[in-house]
Amino acid sequence: TPPLVFPRPAFEVGLPLPSLLFAIPIALSGATAPIPLETALRASQAVTAILGALLCVLAWRLAADVAAERAMDPGRARTLAIGTGLTAAVYLPLLLHAVQPDSTILFGVLAVGACLLMTRVLRDPRGARLLDPRLVALGLLVGAAALTRNEALWVAMVWAWLAIRRSASPLPERLRLIGVVAVVSLLVFAPWAARDWAVFG
């Protein structure tokens, strides 16, 4: 976007959470400025490798939830869960992104974590209390995902769609399910939106 000048302010297109997360091990590496590229790359790769391993565990858990929801017999359920976790561990696009500093794996962890929480909240909404820690955690996950990739909007829309379709809950409860998560995620994202507005207009 104009003005086309150099140097440019950071994060005109990208979102900040992956870079902020990668900055932690770079700072802990003890390297002094200017930080060698090799040091920054290795520290960032360590973060994505750990997140990649976590994503495999979350995929396993998601498959176990699906198996339980489908009332599969224990042998088939175990095969589905373990197979999904192992597939996530060796699936080439995920494997490649797990060894490079990128937002893909972080977004995957946040999105799958949000999906796991969604099913638990919908199974037992507990009246959709305004300070329900599960709803607050879901809002934090969606907000953090929005600071990672723009596709977080789809995660939020899926939550709204699932919550509004929950016919077992009265309408005010369904609206609270959506509202609490929306408010928390917007509070997480608001400082970044304000910074972008101030810097880029």
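The values are calculated or read from the model by the stated rules, or taken from the named source; none is laboratory data. All values derive from a computational prediction rather than experimental measurement. Note that each Cβ is placed from the backbone with ideal geometry, even for glycine, and that neighbours are counted across all protein chains shown. Calculation scope for accessible area: heavy atoms of the full protein, side chains included, ligands and nucleic acids excluded. Shrake-Rupley method; radii C 1.70, N 1.55, O 1.52, S 1.80 Å.
Please find, within region 159-197, the residue that is surrounded by the most Cβ atoms within 10 Å (Cβ to Cβ) out of those that are part of a loop (DSSP other than H, G, I, E, B) and of a type outside the set (Lys, Arg). Among those that are part of a loop (DSSP other than H, G, I, E, B) and of a type outside the set (Lys, Arg), it is Ser169. Cβ separations smaller than 6 Å between residues 6+ apart or across chains give the following pairs from region 82-109 residues that are more than 30 Å from Met72 (Cβ to Cβ) and of a type in the set (Val, Ile, Thr) to residues that are surrounded by fewer than 20 Cβ atoms within 10 Å (Cβ to Cβ) and modelled with pLDDT under 95: Val99/Gln45.
Given the criterion of a type outside the set (D, E, K, R) and open to solvent by 30 Å² or more (accessible area, probe 1.4 Å), identify the matching residue among Leu106, Leu153. Result: Leu153 is the single residue among Leu106, Leu153 that is of a type outside the set (D, E, K, R) and open to solvent by 30 Å² or more (accessible area, probe 1.4 Å).
Only one entry in Ala98, Ala63 is at pLDDT below 95, buried (at least 20 other Cβ atoms within 10 Å of the Cβ) and of a type in the set (Gly, Ala, Ser), namely Ala98. Take Ile178 and tell me if it is under 18 Å from the mean Cα position of the chain (by Cα), at pLDDT 95 or above, of a type in the set (Val, Ile, Thr) and closer than 26 Å to Glu69 by Cβ. Taking the combined requirement at face value, the residue satisfies it. The single condition among (1) in contact (Cβ under 8 Å) with a residue 12 or more places away in the chain; (2) open to solvent by 50 Å² or more (accessible area, probe 1.4 Å) that Ile50 does not satisfy is (1).
In the set Ser19, Ser44, only one residue is small (Gly, Ala, Ser), touching a residue at least 40 places away in the same chain (Cβ under 8 Å), surrounded by 14 or more Cβ atoms within 10 Å (Cβ to Cβ) and touching a Phe, Trp or Tyr at 6+ places or on another chain (Cβ under 8 Å); that residue is Ser44.
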